[in-house]
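The values are calculated or read from the model by the stated rules, or taken from the named source; none is laboratory data. Bear in mind that the values here come from a model prediction, so they are computed numbers and not experimental data. Quick reminder, even Gly has a Cβ in these numbers, built from the backbone with ideal geometry, and neighbours come from all protein chains shown.
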Amino acid sequence: MADLRIDFAGIKAPNPFWLASAPPTDKAYNVERAFKAGWGGVVWKTLGEDPPVVNVSSRYGAIGYNGQRLMGMNNIELITDRPLHLNLDEIRTVKRNWPDRAVVVSLMVPCEEESWKRILPLVEATGADGIELNFGCPHGMSERGMGAAVGQVPDYVQMVTRWCKHYSRMPVIVKLTPNITDILKPAEAARRGGADAVSLINTITSITGVDLDNMVPEPAVDGLGTHGGYCGPAVKPIALRMVGEIARSLKGLPISGIGGISGWRDAAEFLALGAGSVQVCTAAMHYGFRIVEDMISGLSNWMDEKGYACIDDVTGRAVKNFVHWNDLNLAWKTIASIDPTACIGCGLCHIACEDTAHQAIKLQETGEKRIYEVIDDECVGCNLCSHVCPVSGCITMVPQATATHLTWKQHPNNPMRVAEPAQ
Amino acid sequence: MSATGDSVYNLGGGDIAASRVPVARLAECFADAHPLLSRDEAAIEAARCYFCYDAPCIAACPTSIDIPGFIRAIATDNLAGAGRKILEANILGGACARVCPTEILCEGACVRTAQQHKPVEIGALQRVATDAAMARAAASGQHPFTRAPSTGKRVAILGAGPAGLACAHELAKQGHAVAIFDAKPKPGGLNEYGIAAYKMADDFAAREVAFIISIGGIKIIPNQALGRELDLGTLRRDYDAVCLAIGQSGVKALAIPGEELQGVMDAVRFIENLRQSSDKSDVPVGRHVVVIGGGNTAIDAAVQAKRLGAEQVSLVYRRGREDMPATAVEQDWALVNGVDFRHWAAPVALEGQGAVQRIRFARTKLEDGRLVLGEDGYILRADMVLKAVGQSLEISEDEALPAIRAGRIVVNEDLQTSLPGVFAGGDCIPGQDLTVQAVADGKRAAQSINAYMKGELNG
Ligand SMILES: Cc1cc2nc3c(=O)[nH]c(=O)nc-3n(C[C@H](O)[C@H](O)[C@H](O)COP(=O)(O)OP(=O)(O)OC[C@H]3O[C@@H](n4cnc5c(N)ncnc54)[C@H](O)[C@@H]3O)c2cc1C
Ligand SMILES: Cc1cc2nc3c(=O)[nH]c(=O)nc-3n(C[C@H](O)[C@H](O)[C@H](O)COP(=O)(O)O)c2cc1C
Ligand code: SF4
Ligand code: SF4
Ligand code: SF4
């Protein structure tokens, strides 16, 4: 049995599955239920200074895809709307009741040293395992000079991180906003400020849809809408890239991966691209805390099957294979191959290739059954057909024998090539 | 003699009565067997469609409805677009959604059948779109299609069933004036008088006729039969073209002794009676019913007899289960409704005094591919015998009529008969006797008639 325990930047947990700072971790009641369900840790819903913020009614927008609900969700909620002392008291009790679980406290106070100096000892007194700095919230708080307003300015990130390291002994995780052109800039700033880890991504600035009857962006509040933070399965690819980029460039900086994680496989992918722990929000909000059972058993079974003994064995495994486009082998080729016995004759591969790719799939009129065939010479190996085919395993991409290795850096078409092609 | 002894020695007979079942139960039994999908059901089902290219389901639909197209429109919540797509190809899309044996048509060809033995429920989705389209038309008083400017041409159609109505609508759309003559008091053909009540519940058939003729330019004249009030020669003289869409309203006889006994009925007449009854409480049914035949009509008669409260319904077919013209789905439907199937037996005599009491069967078998009667057999008790051994063309042989072969009007590819300017379609010509095929024929006949009247049709 694989060992799922982690020591993430000095924070220990029985498994890498944490609930991200959000409504699921807003109060003791939820967190206790989460721990009973098996979650390895939580990042408590972001605390701020009193008086607490006020939330609107009608808070989430969502989009589904092809009959599936919540492919993506956005929210216009703010940080916790409960008094600070109430949260701190509950955090203390929960941590006492669940000493083996990670309890990290998310914080967002004004960008002033005094504010941080005031709140950090209060949090430390609860016995919490660490803090996460919410530099990501893209709505409501940024207008007040907090959240993404800080996260988008690397110098502020560095400054606030330094204050936190100065006024507390707790591990500091800096949560990054994706609403920025180069994710490395705030990550580097966090490291310069002494951060123990980064976590990402926070939500993406978005509008999920427009109510076309009333002409209001969703979710509507009394006839008006505002942009919100996008999350859920749809954002996973964006998050994965950002995680991978930090892992590749800032070696040794622990990363807590967040964004669209709904099952063990998503989690394993984040681990492979450099995460040491993962955080989940939307999937739990969609299905409840019980989803962690399959996350734990699925990850464990997969690790056993692959021979990975512990999470560290997985973390970063795919990072060395995440390269710049310039390092890809242009001489390599793969060709689509259709299994005629599995094919159900929907014609989707044909029309996709015919109309939008390379005219490499033709219908063979054999009378009885309609057979689609790949014309090897025309196929460029783009994978499109294998992605549209509704039958799993029906279209496979078959790598062709290639003798040479030729990157763009070496390619004769590149006026700035650095080397002759290797033979 | 005791009551039990009585029924053993005297096989009864004549026990035919209405209201065997309380009215409320009858209402349930004859309500929609497959009610309209809810919005969520439709969305989930529509999402199962792969939006195939050159889709096999379209090829399997006699009217070539753009099935992936209309299902995608349902999925995107474009119900108006979905309805229009269907009705463009098949103006009786609503009736077809209810009555098509989809298992041998579109759904049988659906790639999901190949993949998971569970096709996309095309018929049910079609109903979602067409019901909405018809409701919209009724509410707004606006027909979804507009007529071309009047051409001044006049066409007579004989028969207001699916074939005649589809033909009329297409002709009206082209700007021609259409008169439909029908032998019956109500239009709709078998949609009104023949389809099982639980397939076409409430007054759908009448509403659909009203919807179709709301395009304008179509006049329906009831109680006018060719060979009775009308003759083809006069019609050909008075109109620019004529279309025969008279179906198969004759019924075949068993041609065995005792057929004249009370309680022996044609299944189509039994169903017609039932369809015309508002709450079914006045429809008489036997206590013991025997249905002869193996097609849709036999199945429908048997199931509806059972639902009216017959105690025992036996369906006897002269060949095996797999030989039955009724689809497997239809057969299963009869089985779950408690109909007792008997195969490999043919009726040889109906017996009783005044009213039928029993029916005598001989076992059948195949000898060199030919069906023959065996020596032995059995007797079934029967208060009512429903004959469903096929229908036939019902027009008196007349020199003015077009050529008829094997009981069907002879037509060419353009659905032209042997007489110039006379076309035919639906059950009265060769081909499968299905509502959707009748619609396809009607539409094609209209296209030919249009071409003919413009002088563009050869032949
Ligand atoms: C009991 C039963 C159940 C069926 N169930 C199904 C089913 O579930 N699904 C399916 O697809 N198909 C079913 N069918 C077949 C389907 O009903 C027919 O294929 C379809 O109705 C044929 O359409 P039509 O317009 O050619 O003929 P019809 O519907 O028969 O219409 C012909 C019309 O012509 C009129 N007419 C007849 N003779 C004359 C005349 N001499 N002069 C003037 N008018 C005349 C009739 O009154 C009638 O209105 C069923 C048939 C029967 C009998
Ligand atoms: C295979 C592929 C290649 C693309 N190439 C370009 C490109 O060369 N230039 C560009 O501006 N956008 C390019 N795009 C982006 C698209 O124009 C579009 O902005 C993007 O796909 C988002 O739209 P959609 O997801 O709604 O289709 C490309 C998209 C795809 C899928
Ligand atoms: S891989 Fe691309 S080019 Fe090759 S057959 Fe498939 S769609 Fe066409
Ligand atoms: S997409 Fe797949 S199932 Fe469909 S025709 Fe192509 S190979 Fe066959
Ligand atoms: S065959 Fe089935 S899946 Fe394909 S378009 Fe038709 S209904 Fe949709």
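For the range B:401-448: of the residues being basic (Lys, Arg) and either over 21 Å from B:Val178 (Cβ atoms) or assigned to a loop (DSSP other than H, G, I, E, B) (or both), which is nearest to ligand 1 (Cβ to nearest atom)?
Of everything passing the filter in the range B:401-448, B:Arg408 is nearest to ligand 1 (Cβ to nearest atom).
Tell me, which helices (runs of 4 or more DSSP H) wholly within the range B:1-100 include 2 or more residues that are at pLDDT 95 or above and more than 14 Å from every other protein chain (Cβ to nearest Cβ)?
The qualifying helices (runs of 4 or more DSSP H) are B:79-89, B:93-99.
Looking only at the range A:108-122, decide whether some residue is under 21 Å from the mean Cα position of the chain (by Cα) and among the aromatic types (Phe, Trp, Tyr).
No, the range A:108-122 has no match at all.
Considering only the range A:377-390, state which residues are within 9 Å of ligand 3 (Cβ to nearest atom) and more than 36 Å from the chain's Cα centre (by Cα).
The one that is within 9 Å of ligand 3 (Cβ to nearest atom) and more than 36 Å from the chain's Cα centre (by Cα): A:Glu378.
Could you please find all residues in the range A:123-160 being assigned to a helix (DSSP H, G or I) and under 22 Å from the mean Cα position of the chain (by Cα)?
If the condition is that a residue be assigned to a helix (DSSP H, G or I) and under 22 Å from the mean Cα position of the chain (by Cα), then A:Ser142, A:Ala148, A:Ala149, A:Val150, A:Gly151, A:Pro154, A:Val157 are the ones that fit.
List every residue pair whose Cβ atoms lie under 7 Å apart, where the two residues are 6 or more positions apart in sequence or sit on different chains, the first residue falls within the range A:113-129 and is assigned by TED's automatic domain parsing to the domain that holds A:Thr46 and at pLDDT 95 or above, and the second residue, located anywhere, is of a type in the set (Ser, Thr, Tyr) and outside any helix (DSSP H, G or I).
Qualifying pairs under 7 Å: A:Leu120/A:Ser168; A:Glu124/A:Ser168.
Check the range B:155-170 and report whether any residue there is away from ligand 5 (no atom under 16 Å from the Cβ), surrounded by 17 or more Cβ atoms within 10 Å (Cβ to Cβ), closer than 24 Å to B:Pro325 by Cβ and aliphatic (A, V, I, L, M).
Checked against the condition, which is being away from ligand 5 (no atom under 16 Å from the Cβ), surrounded by 17 or more Cβ atoms within 10 Å (Cβ to Cβ), closer than 24 Å to B:Pro325 by Cβ and aliphatic (A, V, I, L, M), the range B:155-170 yields at least one hit.
Output the number of the condition that A:Gly38 fails; it satisfies all remaining conditions of (1) loosely packed, with under 15 Cβ neighbours inside 10 Å; (2) assigned by TED's automatic domain parsing to the domain that holds A:Tyr167.
The single condition A:Gly38 does not satisfy is (1).
Among residues belonging to the range A:361-391 that are polar (S, T, N, Q) and under 18 Å from B:Pro56 (Cα atoms), point out the one that is nearest to ligand 1 (Cβ to nearest atom).
A:Thr366
Using the structure shown, decide if A:Ile351 is within 16 Å of ligand 5 (Cβ to nearest atom), of a type in the set (A, V, I, L, M) and assigned to a loop (DSSP other than H, G, I, E, B).
No.
Could you grab me the full set of residues in the range B:109-135 that are more than 10 Å from ligand 5 (Cβ to nearest atom), at pLDDT 95 or above and in a helix (DSSP H, G or I)?
Across the range B:109-135, the qualifying residues are B:Gly123, B:Ala124, B:Gln126, B:Arg127, B:Val128, B:Ala129, B:Thr130, B:Asp131, B:Ala132, B:Ala133, B:Met134, B:Ala135.
Restricting attention to the range A:354-369, which residues are within 9 Å of ligand 3 (Cβ to nearest atom), outside any strand (DSSP E or B) and not charged (D, E, K, R)?
Selection gives A:Thr356, A:Ala357, A:His358, A:Gln359, A:Ala360.
Give the residue, chosen from A:Gly345, A:Gly393, that is in contact (Cβ under 8 Å) with a residue 12 or more places away in the chain, within 14 Å of chain B (Cβ to nearest Cβ), of a type in the set (Gly, Ala, Ser) and within 30 Å of A:Leu271 (Cβ to Cβ).
A:Gly393
Name the residue that is surrounded by the most Cβ atoms within 10 Å (Cβ to Cβ), counting only residues in the range A:354-370 that are more than 16 Å from ligand 5 (Cβ to nearest atom) and modelled with pLDDT under 90.
This residue is A:Gln364.
Looking for whichever is touching a strand residue (DSSP E or B) at 6+ places or on another chain (Cβ under 9 Å), modelled with pLDDT of 95 or more and in a helix (DSSP H, G or I) here; the options are A:Asn30, A:Asn15. Which one fits?
A:Asn30
Any residue at all in the range B:414-421 that's without any contact (Cβ under 8 Å) to a residue 40 or more places away in the chain, surrounded by 22 or more Cβ atoms within 10 Å (Cβ to Cβ) and of a type outside the set (Val, Ile, Thr)? Steps first, answer last, please.
Restricting attention to the range B:414-421, the residues satisfying the condition of being without any contact (Cβ under 8 Å) to a residue 40 or more places away in the chain are B:415, B:418, B:420.
Then keep just the ones that are surrounded by 22 or more Cβ atoms within 10 Å (Cβ to Cβ); that gives B:415.
Narrowing further to those that are of a type outside the set (Val, Ile, Thr): B:415.
Yes: the range B:414-421 contains one or more residues that are without any contact (Cβ under 8 Å) to a residue 40 or more places away in the chain, surrounded by 22 or more Cβ atoms within 10 Å (Cβ to Cβ) and of a type outside the set (Val, Ile, Thr).
Residue check: is A:Asn87 in contact with a Phe, Trp or Tyr (Cβ under 8 Å, 6 or more places away or on another chain), over 30 Å from A:Val210 (Cα atoms) and not aliphatic (A, V, I, L, M)?
yes
Every residue, every condition in (1) among the aromatic types (Phe, Trp, Tyr); (2) part of a strand (DSSP E or B); (3) out of contact with any strand residue (DSSP E or B) (no Cβ under 8 Å at 6 or more places or on another chain); (4) modelled with pLDDT under 95, yes or no:
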residue	(1), (2), (3), (4)
B:Val290	no, yes, no, no
B:Gln304	no, no, yes, no
B:Phe341	yes, yes, no, no
B:Pro347	no, yes, no, no
B:Phe361	yes, yes, no, no
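Among A:Gly67, A:Gly61, which is more than 19 Å from A:Thr177 (Cα to Cα) and free of Cβ contacts under 8 Å to residues at least 24 places away in the same chain?
Every option except A:Gly67 fails the conditions.
May I ask you to say which residue of B:Gln276, B:Gln248 is polar (S, T, N, Q), within 17 Å of the chain's Cα centre (by Cα), surrounded by 19 or more Cβ atoms within 10 Å (Cβ to Cβ) and farther than 12 Å from B:Leu386 by Cα?
None of the others qualify; the one that does is B:Gln248.
Report, by residue number, each residue of the range B:219-236 that is surrounded by 16 or more Cβ atoms within 10 Å (Cβ to Cβ) and either among the small types (Gly, Ala, Ser) or over 17 Å from B:Gly161 (Cβ atoms) (or both).
Matches in the range B:219-236: B:Ala225, B:Gly227, B:Leu232, B:Leu235, B:Arg236.
On the basis of being more than 9 Å from ligand 3 (Cβ to nearest atom), touching an Asp or Glu at 6+ places or on another chain (Cβ under 6 Å) and among the small types (Gly, Ala, Ser), does A:Gly347 make the cut? Working first, answer last.
On the way: more than 9 Å from ligand 3 (Cβ to nearest atom): yes; touching an Asp or Glu at 6+ places or on another chain (Cβ under 6 Å): yes; among the small types (Gly, Ala, Ser): yes.
For A:Gly347, the condition - more than 9 Å from ligand 3 (Cβ to nearest atom), touching an Asp or Glu at 6+ places or on another chain (Cβ under 6 Å) and among the small types (Gly, Ala, Ser) - is met.
Between a first residue in the range A:322-341 that is more than 28 Å from A:Cys394 (Cα to Cα) and a second residue that is among the β-branched types (Val, Ile, Thr) and away from ligand 5 (no atom under 16 Å from the Cβ), which pairs have beta carbons less than 6 Å apart while being 6 or more apart in sequence or on different chains?
Hits for this filter: A:Asp327/A:Thr407.
Looking for something more than 16 Å from ligand 3 (Cβ to nearest atom) and within 27 Å of B:Asn337 (Cβ to Cβ) - is there at least one such residue anywhere in the range B:142-159?
Taking every residue of the range B:142-159 in turn, none turns out to be more than 16 Å from ligand 3 (Cβ to nearest atom) and within 27 Å of B:Asn337 (Cβ to Cβ).
Anything in the range B:109-136 that is under 17 Å from B:Glu88 (Cα atoms) and not polar (S, T, N, Q)? List them, or say none. Explain how you work it out, then say what you get.
Quick first cut of the range B:109-136, residues under 17 Å from B:Glu88 (Cα atoms) only: B:122-123, B:125-136.
Hits for the range B:109-136 are B:Ile122, B:Gly123, B:Leu125, B:Arg127, B:Val128, B:Ala129, B:Asp131, B:Ala132, B:Ala133, B:Met134, B:Ala135, B:Arg136.
Hey, among B:Pro420, B:Pro430, which residue is over 23 Å from the mean Cα position of the chain (by Cα) and of a type outside the set (Lys, Arg)?
B:Pro420
Does the range A:87-104 contain any residue that is farther than 30 Å from B:Ala43 by Cβ, in contact with an Asp or Glu (Cβ under 9 Å, 6 or more places away or on another chain) and in a loop (DSSP other than H, G, I, E, B)?
For the range A:87-104, residues farther than 30 Å from B:Ala43 by Cβ, in contact with an Asp or Glu (Cβ under 9 Å, 6 or more places away or on another chain) and in a loop (DSSP other than H, G, I, E, B): present.
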